[in-house]
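Please read through the structure below; I'll follow up with questions.
The values are calculated or read from the model by the stated rules, or taken from the named source; none is laboratory data. Quantities reported herein were computed from a predicted structural model and do not represent experimental measurements. Using ideal geometry, Cβ is built from the backbone for each residue, glycine included, and neighbour counts are taken over all protein chains shown.
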Amino acid sequence: MNITLETAKELGLLEEEFEKIKEILGRIPNFTELSIFSVMWSEHCSYKNSITLLKTLPREGERLLVEAGEENAGLVDIGDGLACAFKIESHNHPSAVEPYQGAATGVGGIHRDIFTMGARPIAALNSLRFGNPELKRTKWLVKGVVKGIGDYGNCFGVPTVGGEAYFYDCYNQNILVNAMSVGIVKVGETVSAIAEGAGNPVFIVGSATGKDGIHGATFASADLTEDSEEDLPAVQVGDPFQEKLLLEASLEAIKTGAIVGMQDMGAAGITCSTSEMSAKGKAGMRINLDKVPTRQADMKPFEILLSESQERMLIVCKKGREADLEAVFEKWDLECEIIGEVTDTERLHFYQNGELVADVPAEPLVLGGGAPIYKREISEPTYLSRINSFSISSIVEPSDLLATAKQLISSPNIASKRWIYEQYDSMVRTNTMTTNQPSDAAIVRVKGTEKALVVTTDCNSSFVYADPYKGAMIAVSEAARNIVCSGGEPVAITNCLNFGNPYNPEVYWQFENVIKGMGDACRKFSTPVTGGNVSFYNQTVLENTAEPVYPTPTIGMLGLLEDHSKRMTLHFRESGDLIYMLGEHRNNISSSEYLRHVHGVQHSPVPYFDIEEEYGLQQTIKELISSDMIHSAHDISEGGLFVALLESAMAGGTGFAIRLDSEIRKDALLFGEAQSRVIVSIPVNEESEFLRTLELSNQNYQKLGTVTDEQLSVAGNDFGIIADWKAVYDNVLGGVLEAV
Amino acid sequence: MKFGVVIFPGSNCDSDMLHVIGQVMGQKVIELWHKETELPDFEPGDCIVLPGGFSYGDYLRCGAIASHSPIMKSVVEFAHNGGYVFGICNGFQILCESGLLPGALLRNTSQKFICKNIHLRAATQNSPLTRNIDVTKALKIPIAHAEGRYYADAETLKNLEENDQVLFRYCNEKGEATPEANPNGSLDNIAGICNKTRNVFGMMPHPERASEMLLGNMDGRVLFESLLATESLV
């Protein structure tokens, strides 16, 4: 086969990249080699358009045990000789084409990133974005994704403890599926993704290699178009049972002490794992592709190299210890084959039936090595001026607040996500403390210690669209607020950056500003970035116009609760308790679900936000929780004050009676989404001490009213009983999705 | 009473069971690998637990392959000799597949996996597992399954009733076994049963997930307490 620039372009490479490859090799690559470069230099594997900006994020902290991007996931010291490995990753394009397998393998992939480091996954979260739920296609996508996540995670045996789901039209074709895994490992017992020691054998373990997922990384690195469904074979197929066996076998194999390095096979399969492990250890590998167990006969070298078949690991074993490794995989009835050895050539030599089919240097293939790095053009999006021209005075204040409130909770963005989360096993492993007593973040106890992990995923992408800088700060702040309201201390984040095409200057402007905002907020909360993933090209091309999705930088935050008896819950505990709001009422309805759902105004500025105020609020909450003064804490987010009150009341099976003493518009008071506000309930006898604490910490607050048995009353108006609200709130989403 | 928890490939509630029996209830408990062919450390009066999960991926049919696992021969023999065997969720499915319990567990009527708290009520105190349970009280215990719809033919069902083999029924908070309180379409709201000789128990709900204060639900603990009380009676 004659390799030309055209061949390179067909594989997604640029002309300058093709030139660079020829320079590196000193010759024209053959097709197998070109395929290797094309996947390794794809956006997905190389971060070529994002890495420069990602490096501006704060990536250092006392607790961090590995540097961002250094291993498969972030690793944080949580004390007691334990560390937490955690990471979030996207599986957007596969899920948009084949929602069930796309989402399932997204879950499988992220868990593998955790246990390849030697950590046992103990919790999963996800962050989902869909289009208009009334659309037939959206219903199909939601059902497929939820079943995919459920079937994989439930069988794998790791509880799905938290997550979020939003429905905006910009995701109609290009949904987002971000999955997060959180694991625990003893400090010092982790395994690195490294190849060292010439002569050490290289094993492939787990499932056999098939033709699924070939060019998956390249598929993820191009615009999603109407023709994308033709790329269906680029979607992988998952087998959670194999993954469960692989998990147990891998952790057992680590204990034998026979393992030098291990890496899971995700994007770009054998190519990526061999090159990254070799580059990391400044080593090389000689691999015999004919030794790789395959599902089909006669697979071509590039197919074996690029296959993204799931549930596989590459292991470098200490020479002479092969039998120990083989015994473990034999016990778990898994394939375990020596496919080559480590060399000191710093090159990858792939053979098939004795013939050298590819000879490439490892270092130039990988991120941080020779992979290309670009910074793209930016230009401030023109839509911003339209957004910023919005004025609250253009919105007529509704006269019937009760009817408005009812309308608002029927929005799928507000209503309970029960239809989704009841399909996930949230309790297996018996550590989930938030099943029976929910908090703003999920709380997962760490057995054998007094500690719990407090975890959450957050991003309101409509805020980020309206103001990428502030929107990203809000995403980080909300995550931290959720953790603080649960009694935890924010520790670190992982991020999943979902954007449109980076070659679109407006998209790149969004990206740059999001990174700035995220960095500033992470510095403020001392939550360094431990890693994550970038997913560009999330947009839909319809009739030749490309509409990027809202910039969606999902934050997965890890928090720590040193003493799990100090956790805080969100439910109103006792009738008669006093309800206070920390923070201030703002005359602001910008970017609220109320504005979108009730008034049909899709775009408006970002809501009120001040990071210093936010920081102060979180310190106050910590103080209140540590001194056992409050009965509940719940932050005000989508749906505003009213929905926050409703959620605390539904969780506690109580009602509430509140006054609205303010000059501010009633709709802004009840439904506005100004940031940095938290609702707390306190026993009456704590009031004076509580108020003294607030004054000492200069915390703004409003007294709202009291917790009642079941009746709701707002500014003297009868708002009915809690059971009736719950009946609607619980069933809206299922009703919409199940409707034919 | 000594406990053994069988680990099949794909079991995933094994460590939960080990934790609750060992740490929470303070009992002696050992792991049993599915490839073992004998149970030398166990005698009648001890209890073998088949935990929840997805044994063998639940491919073919839930519990079908596991019921042919090497260890199951010994478990069946152990049961026939009067030993206690307790299967939860996938363990219940395996017991039905292996013939130790009558009936079968079919796909939920909703066709979906369901994980949530439900209520159930003990239908009899005449079993080691329910001995200490107040039969008028609704217990809140979670379920987590896609195939939990208990089914048996009319005659089997009649025998179950006549022999007082139904241990638990799904009910509402008030303890009423209504159709609305039935989460998966089980016949007669059946959530758990025992064999004729009352030493083999199977149930879909997970009492081990409701046995610790820290998790906010202690309703499942009474099942383990009942089992242990049995020992002192023997």
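Return the only residue of A:15, A:10, A:43 being modelled with pLDDT under 95 and over 26 Å from residue A:356 (Cα atoms). Quick ask: steps written out before the conclusion?
On the way: A:15 fails: modelled with pLDDT under 95; A:10 fails: over 26 Å from residue A:356 (Cα atoms).
When all the criteria are applied, what remains is A:43.
Do you know which of the residues in the range A:114-143 that are within 13 Å of chain B (Cβ to nearest Cβ) and over 18 Å from the mean Cα position of the chain (by Cα) is farthest from residue A:740 (Cα to Cα)?
A:120
While we're on this one: Could you give every pair whose Cβ atoms fall below 6 Å, whose first residue belongs to the range A:596-612 and is within 17 Å of residue A:468 (Cβ to Cβ) and in the same structural domain as residue A:410 (by TED's automatic domain parsing), and whose second residue is in a helix (DSSP H, G or I) and of a type in the set (Gly, Ala, Ser), counting only separations of at least 6 or pairs across chains?
From residues that are within 17 Å of residue A:468 (Cβ to Cβ) and in the same structural domain as residue A:410 (by TED's automatic domain parsing), the pairs are A:605/A:466; A:606/A:466; A:606/A:471.
Looking at residue A:569, is it part of a strand (DSSP E or B) and modelled with pLDDT of 95 or more? Don't jump to the end; show me each part of the working.
On the way: part of a strand (DSSP E or B): no; modelled with pLDDT of 95 or more: yes.
Taking the combined requirement at face value, the residue does not satisfy it.
Against the definition (surrounded by fewer than 24 Cβ atoms within 10 Å (Cβ to Cβ), under 17 Å from residue B:170 (Cα atoms) and away from every other protein chain (no Cβ under 14 Å)), how does residue B:39 come out, yes or no?
Details: surrounded by fewer than 24 Cβ atoms within 10 Å (Cβ to Cβ): yes; under 17 Å from residue B:170 (Cα atoms): no; away from every other protein chain (no Cβ under 14 Å): yes.
It is false that residue B:39 is surrounded by fewer than 24 Cβ atoms within 10 Å (Cβ to Cβ), under 17 Å from residue B:170 (Cα atoms) and away from every other protein chain (no Cβ under 14 Å).
Just to verify a result, which residue in the range B:105-126, among those that are buried (at least 23 other Cβ atoms within 10 Å of the Cβ) and closer than 21 Å to residue B:201 by Cβ, is farthest from the other protein chains (Cβ to nearest Cβ)?
So, considering only residues that are buried (at least 23 other Cβ atoms within 10 Å of the Cβ) and closer than 21 Å to residue B:201 by Cβ, the one farthest from the other protein chains (Cβ to nearest Cβ) is B:123.
Can you pull out the residues in the range B:180-221 that are of a type in the set (S, T, N, Q) and not in a helix (DSSP H, G or I)?
Here is the first cut: in the range B:180-221, the residues of a type in the set (S, T, N, Q) are B:182, B:184, B:186, B:189, B:195, B:197, B:199, B:211, B:217.
Once the filter is applied, which keeps residues that are of a type in the set (S, T, N, Q) and not in a helix (DSSP H, G or I), the range B:180-221 yields B:182, B:184, B:186, B:195, B:197, B:199, B:211, B:217.
Continuing with the same structure: Criterion first (among the polar types (S, T, N, Q), surrounded by fewer than 20 Cβ atoms within 10 Å (Cβ to Cβ) and touching a strand residue (DSSP E or B) at 6+ places or on another chain (Cβ under 6 Å)) does residue B:163 satisfy it? Break it down into steps so the answer makes sense when it comes.
Details: among the polar types (S, T, N, Q): yes; surrounded by fewer than 20 Cβ atoms within 10 Å (Cβ to Cβ): yes; touching a strand residue (DSSP E or B) at 6+ places or on another chain (Cβ under 6 Å): no.
So residue B:163 fails the test.
Of the conditions (1) under 19 Å from the mean Cα position of the chain (by Cα); (2) under 27 Å from residue A:195 (Cα atoms); (3) in the same structural domain as residue A:161 (by TED's automatic domain parsing); (4) small (Gly, Ala, Ser), residue A:83 clears all except one; give me its number.
Every condition holds for residue A:83 apart from (1).
Okay, next question. Only one of these is touching a residue at least 24 places away in the same chain (Cβ under 8 Å), touching a helix residue (DSSP H, G or I) at 6+ places or on another chain (Cβ under 7 Å) and of a type in the set (Asp, Glu): A:710, A:689. Name it.
Details: A:689 fails: touching a helix residue (DSSP H, G or I) at 6+ places or on another chain (Cβ under 7 Å).
Of A:710, A:689, the one residue that is touching a residue at least 24 places away in the same chain (Cβ under 8 Å), touching a helix residue (DSSP H, G or I) at 6+ places or on another chain (Cβ under 7 Å) and of a type in the set (Asp, Glu) is A:710.
Would you point out the residue of the range A:471-492, among those that are farther than 15 Å from residue A:675 by Cα and small (Gly, Ala, Ser), that is farthest from the chain's Cα centre (by Cα)?
The qualifying residue farthest from the chain's Cα centre (by Cα) is A:487.
Sticking with this structure for a sec: For residue B:24, state whether it is in contact with a helix residue (DSSP H, G or I) (Cβ under 9 Å, 6 or more places away or on another chain), more than 10 Å from chain A (Cβ to nearest Cβ) and among the hydrophobic types (A, V, I, L, M, F, W, C). First the steps, then the outcome.
Numbers: in contact with a helix residue (DSSP H, G or I) (Cβ under 9 Å, 6 or more places away or on another chain): yes; more than 10 Å from chain A (Cβ to nearest Cβ): no; among the hydrophobic types (A, V, I, L, M, F, W, C): yes.
The answer is no for residue B:24.
Within the range B:135-156, restricting attention to residues that are in contact (Cβ under 8 Å) with a residue 40 or more places away in the chain and more than 14 Å from chain A (Cβ to nearest Cβ), which residue is surrounded by the most Cβ atoms within 10 Å (Cβ to Cβ)?
So, considering only residues that are in contact (Cβ under 8 Å) with a residue 40 or more places away in the chain and more than 14 Å from chain A (Cβ to nearest Cβ), the one surrounded by the most Cβ atoms within 10 Å (Cβ to Cβ) is B:150.
Any chance the range A:611-622 includes a residue that's surrounded by fewer than 21 Cβ atoms within 10 Å (Cβ to Cβ) and among the acidic types (Asp, Glu)?
For the range A:611-622, residues surrounded by fewer than 21 Cβ atoms within 10 Å (Cβ to Cβ) and among the acidic types (Asp, Glu): present.
Please find, among A:299, A:285, the residue that is assigned by TED's automatic domain parsing to the domain that holds residue A:198, assigned to a loop (DSSP other than H, G, I, E, B) and of a type in the set (A, V, I, L, M).
Working: A:285 fails: assigned to a loop (DSSP other than H, G, I, E, B).
Answer to the selection: A:299.
Another one. Which one is farthest from residue A:392 (Cα to Cα) among residues in the range A:647-676 that are within 27 Å of the chain's Cα centre (by Cα) and assigned to a helix (DSSP H, G or I)? Write out each step before concluding.
Let us first name the residues in the range A:647-676 that are within 27 Å of the chain's Cα centre (by Cα), namely A:647-648, A:651, A:672-676.
Remaining after also requiring assigned to a helix (DSSP H, G or I): A:647-648, A:651.
Details: A:647: 26, A:648: 28, A:651: 33 Å.
The selected residue is A:651.
Go through the range A:304-323 and report how many residues are farther than 19 Å from residue A:194 by Cβ and assigned to a helix (DSSP H, G or I).
Within the range A:304-323, residues that are farther than 19 Å from residue A:194 by Cβ and assigned to a helix (DSSP H, G or I) number 4.
Turning to a different aspect of this structure: Looking at (1) within 24 Å of residue A:224 (Cβ to Cβ); (2) in a loop (DSSP other than H, G, I, E, B); (3) without any contact (Cβ under 8 Å) to a residue 24 or more places away in the chain, which is the only condition residue A:6 fails?
Only one criterion in (1) within 24 Å of residue A:224 (Cβ to Cβ); (2) in a loop (DSSP other than H, G, I, E, B); (3) without any contact (Cβ under 8 Å) to a residue 24 or more places away in the chain is unmet by residue A:6, namely (2).
Taking the conditions exactly as written (under 21 Å from residue A:171 (Cα atoms) and charged (D, E, K, R)), does residue A:520 satisfy them or not? It would help to see each step written out before you state the result.
Values: under 21 Å from residue A:171 (Cα atoms): no; charged (D, E, K, R): yes.
Judged against the criteria, residue A:520 is not a match.
Of the numbered conditions (1) under 28 Å from residue A:524 (Cα atoms); (2) free of Cβ contacts under 8 Å to residues at least 60 places away in the same chain; (3) among the aliphatic types (A, V, I, L, M), residue A:660 satisfies every one except a single condition; which is it?
(1)
Right, next: Can you find even one residue in the range A:157-176 that is outside any loop (DSSP other than H, G, I, E, B), touching a strand residue (DSSP E or B) at 6+ places or on another chain (Cβ under 8 Å) and among the acidic types (Asp, Glu)?
Within the range A:157-176, one or more residues are outside any loop (DSSP other than H, G, I, E, B), touching a strand residue (DSSP E or B) at 6+ places or on another chain (Cβ under 8 Å) and among the acidic types (Asp, Glu).
Also, I was wondering about something else. Can you say whether residue B:45 is within 14 Å of another protein chain (Cβ to nearest Cβ), within 19 Å of the chain's Cα centre (by Cα) and surrounded by 13 or more Cβ atoms within 10 Å (Cβ to Cβ), as far as the supplied structure shows?
Numbers: within 14 Å of another protein chain (Cβ to nearest Cβ): no; within 19 Å of the chain's Cα centre (by Cα): yes; surrounded by 13 or more Cβ atoms within 10 Å (Cβ to Cβ): yes.
Answer is no for this residue.
Would you mind telling me which numbered condition in (1) in a loop (DSSP other than H, G, I, E, B); (2) within 14 Å of another protein chain (Cβ to nearest Cβ) residue B:16 fails?
(1)
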